[in-house]
Amino acid sequence: MPSIFEELGNALRGKLGEKLSLSGGVMTGPLEVPAPTGPNQVATSGQVTTLEDSIGNYGDFVSSNADVTVSVFDTAANILARTGDPKGTVAVASDTDVIYYWSGAVWSESNLDDVQTESVSAARTLNLSGDTEENIRLRESDPAGTIMYGTDTSYFYIFDGTDWQQYNFDS
């Protein structure tokens, strides 16, 4: 005579077999997937879309994760055809998700780690970051000697403790 546990096991296997074939087959009906809480958990396409919507475009993602300003978000072909951008311009291709860096003469392909490392290293060495002239001139609490790069003017701005002084390369 089977034990109570054997009878329960057989009954449970039978009910599970009605819902999901343990040896293969096609599952029918909706599959409920809880929101993932870890890096190796499954997510539905709707959950992925929601995440993508909250992150924004890949250029925004690169900008926030590499702590650099992405100045151009366009197709790879359009980026590679550009000339005359300020040296150090960072661009992200919307069609290939490739990150490009303008050397002043050519666009070089890079990646998130390279851009972050190079940008942080240069910023630490020079105590330098970039923004538009308008935003730089609105800053008031920087210590004297802070250097900012005008991403829209290609000028350096140095804070003297009271005002931002513009360094003009042509002078």
Seminar exercise, completed: Expected output for segment 126-146 (first residue in a helix (DSSP H, G or I) and surrounded by 13 or more Cβ atoms within 10 Å (Cβ to Cβ), partner modelled with pLDDT of 80 or more and of a type in the set (A, V, I, L, M), Cβ below 7 Å, 6+ apart or cross-chain) is 136/148
For this session: Check segment 116-123 and report whether any residue there is more than 23 Å from residue 166 (Cα to Cα), modelled with pLDDT of 70 or more and surrounded by fewer than 14 Cβ atoms within 10 Å (Cβ to Cβ).
Result: no
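Please count how many residues of segment 145-168 are of a type in the set (Gly, Ala, Ser) and either in contact with a strand residue (DSSP E or B) (Cβ under 6 Å, 6 or more places away or on another chain) or within 17 Å of residue 87 (Cα to Cα) (or both). Lay out the reasoning, then the answer.
Step one: filter segment 145-168 for residues of a type in the set (Gly, Ala, Ser), giving 145, 150, 154, 161.
Checking the rest, the ones that are also either in contact with a strand residue (DSSP E or B) (Cβ under 6 Å, 6 or more places away or on another chain) or within 17 Å of residue 87 (Cα to Cα) (or both) come to 150, 154.
Summing the residues that are of a type in the set (Gly, Ala, Ser) and either in contact with a strand residue (DSSP E or B) (Cβ under 6 Å, 6 or more places away or on another chain) or within 17 Å of residue 87 (Cα to Cα) (or both) in segment 145-168 gives 2.
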Seminar exercise, completed: For segment 95-110, pairs from a residue that is open to solvent by less than 70 Å² (accessible area, probe 1.4 Å) to a residue that is acidic (Asp, Glu), with Cβ under 9 Å and 6 or more apart or across chains, are 98/109; 99/109; 99/114; 100/109; 102/85; 104/85; 107/85; 110/118
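Would you confirm whether or not segment 42-52 contains a residue that is of a type outside the set (A, V, I, L, M) and modelled with pLDDT under 70? Give the steps one after another, and end with the answer.
If we filter segment 42-52 for residues that are of a type outside the set (A, V, I, L, M), which is where we start, we get 44-47, 49-50, 52.
Narrowing further to those that are modelled with pLDDT under 70: 52.
Yes, the conditions are met somewhere in segment 42-52.
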For this session: Please indicate, with yes or no, whether at least one residue in segment 5-23 is open to solvent by less than 90 Å² (accessible area, probe 1.4 Å), at pLDDT 70 or above and of a type in the set (A, V, I, L, M).
Result: yes
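The values are calculated or read from the model by the stated rules, or taken from the named source; none is laboratory data. On a predicted model such as this, the values are computed, not experimentally measured, just so you know. A quick note on method: Cβ atoms are made from the backbone with ideal geometry, for glycine too, and the neighbour counts reach across all protein chains shown. Heavy atoms of the whole protein, side chains included, go into the accessibility calculation; ligands, DNA and RNA do not. Shrake-Rupley method; radii C 1.70, N 1.55, O 1.52, S 1.80 Å.
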